[in-house]
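Below is one structure, written out as structure tokens; the observations come after it.
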């Protein structure tokens, strides 16, 4: 199954959806208004991004909604992460062009929720859709001042995939601490093989070291966000990451979203793997293992069925336990300018139904509702996903985070650290650059007439 390179990561947004607010206040129903009766032939549009939502899941969404609303139709349109925010910015302000229901990356949510682009989810509907059972960090990313605008769709967490055969032959077992992990992958590195394959600009994996040492990317001080990379704990984590990258990975400092699983698999004619260890989202499992033919006759990896060759573990913390990793995934919301907000909310009811949440879990995506997560605990992969997600962290819910991702600021920072730059000096330099950006998202075009 093809997946996007980095879960939720949502690829960085480019602009704040400013200007939608005015139209949202004047051109659509607000919470508490009497919704208009929808005609039975109402057509709704739902934007889903990438291929994480499988054809089977999409078919269920459409069928379940249309069975409950005879004569109405739900059309799912696929978007791509690189174009999503630009397309939403252009479409959301006009009831004639807006999708009714949208998937959006968790890191993109604050930009849209703080601009009024999404319809508020009433407290009653929030409770009906799961309430306190929904993944708290994703709920927070879609909320403003305690009001909910975007709710969790699915999550994916990161853990370590490794060649057990290579580790065992060298006399190593699963590490207990983050320092032990670093020493092990460095020891497994030689001129031809990486102990740990990681791109130099891969900040979404790299920030796990910052979180593990107790650092933060940014904190809120009063009404403003402040970048905190130069905090001593953040610097400690960045220096640990720099050491591991420079001593255990031969990937260039310019690399970011890399298909790391290709380095873990055996090469042509059973050549040894190019790397002993990678760190990736949970779904990477399906790109790892031996080659088998699927029902369509295509050669695919068998999902690490050979447990003597491949295995997994959660990235350990500084003193043991789990290191907090970046949680990827998506939120879902109703457009503030949807002509049929009541029916759009019924689409959410399908998404958050017990049946669909269970189907998400069985497909390997972390479901929003904690009850459905129990389905994933039947194998080690699902258990690792749930455990690491519970300890995970998100990027700051600052209104300007969108422009930071769009401009690739963190890619630049990690690339310069990977090149051997002075971490403390770089942290100070980037704090000064990032703090204004956190609070000053770029303006967007006004809504269309």
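Scanning the stretch 125-147 for residues that are within 20 Å of residue 356 (Cβ to Cβ), over 22 Å from the mean Cα position of the chain (by Cα) and surrounded by fewer than 18 Cβ atoms within 10 Å (Cβ to Cβ) gives 127, 128.
Evaluating residue 281 against the criteria (1) surrounded by 18 or more Cβ atoms within 10 Å (Cβ to Cβ); (2) farther than 22 Å from residue 168 by Cα; (3) modelled with pLDDT of 95 or more leaves one unmet condition, (3).
If I filter the stretch 398-421 for residues that are assigned to a loop (DSSP other than H, G, I, E, B) and assigned by TED's automatic domain parsing to the domain that holds residue 54, do I get at least one hit? No, the stretch 398-421 has no match at all.
Taking the criterion of being outside any loop (DSSP other than H, G, I, E, B) and modelled with pLDDT of 90 or more, the residues of the stretch 251-278 that qualify are 261, 262, 263, 264, 275, 277, 278.
When we screen 170, 150 for residues that are modelled with pLDDT of 95 or more, surrounded by fewer than 22 Cβ atoms within 10 Å (Cβ to Cβ) and within 30 Å of residue 208 (Cβ to Cβ), the only hit is 170. In the stretch 217-250, which residues are in contact with a helix residue (DSSP H, G or I) (Cβ under 8 Å, 6 or more places away or on another chain) and either under 12 Å from residue 438 (Cβ atoms) or in a strand (DSSP E or B) (or both)? Matches in the stretch 217-250: 217, 218, 224, 225, 226, 227, 228, 229.
Here are 93, 82, 50, 71: which of them is farther than 21 Å from residue 359 by Cα, touching a residue at least 12 places away in the same chain (Cβ under 8 Å) and buried (at least 19 other Cβ atoms within 10 Å of the Cβ)? Quick ask: steps written out before the conclusion?
Details: 82 fails: buried (at least 19 other Cβ atoms within 10 Å of the Cβ); 50 fails: farther than 21 Å from residue 359 by Cα; 71 fails: buried (at least 19 other Cβ atoms within 10 Å of the Cβ).
Selected residue: 93, the only one of 93, 82, 50, 71 that is farther than 21 Å from residue 359 by Cα, touching a residue at least 12 places away in the same chain (Cβ under 8 Å) and buried (at least 19 other Cβ atoms within 10 Å of the Cβ).
Tell me which residues, restricted to the stretch 324-339, are surrounded by fewer than 24 Cβ atoms within 10 Å (Cβ to Cβ) and out of contact with any strand residue (DSSP E or B) (no Cβ under 6 Å at 6 or more places or on another chain).
Matches in the stretch 324-339: 339 only.
Do we find that residue 190 is surrounded by fewer than 21 Cβ atoms within 10 Å (Cβ to Cβ), more than 26 Å from residue 427 (Cβ to Cβ) and either without any contact (Cβ under 8 Å) to a residue 40 or more places away in the chain or in contact with a strand residue (DSSP E or B) (Cβ under 7 Å, 6 or more places away or on another chain) (or both) in this structure?
On the way: surrounded by fewer than 21 Cβ atoms within 10 Å (Cβ to Cβ): yes; more than 26 Å from residue 427 (Cβ to Cβ): yes; either without any contact (Cβ under 8 Å) to a residue 40 or more places away in the chain or in contact with a strand residue (DSSP E or B) (Cβ under 7 Å, 6 or more places away or on another chain) (or both): yes.
Criteria met by residue 190.
When the test is whether a residue is closer than 30 Å to residue 50 by Cβ and surrounded by 23 or more Cβ atoms within 10 Å (Cβ to Cβ), residue 200 passes it. Listed by position, the helices (runs of 4 or more DSSP H) enclosed by the stretch 311-387 that each have at least 3 residues that are more than 28 Å from residue 204 (Cα to Cα) and either over 16 Å from the mean Cα position of the chain (by Cα) or modelled with pLDDT of 95 or more (or both) are 341-351, 354-362.
The values are calculated or read from the model by the stated rules, or taken from the named source; none is laboratory data. Predicted model only: the values in this text are computed from it and were never measured. Every residue, glycine among them, receives a Cβ derived from its backbone with ideal geometry; neighbour counts consider all protein chains shown.
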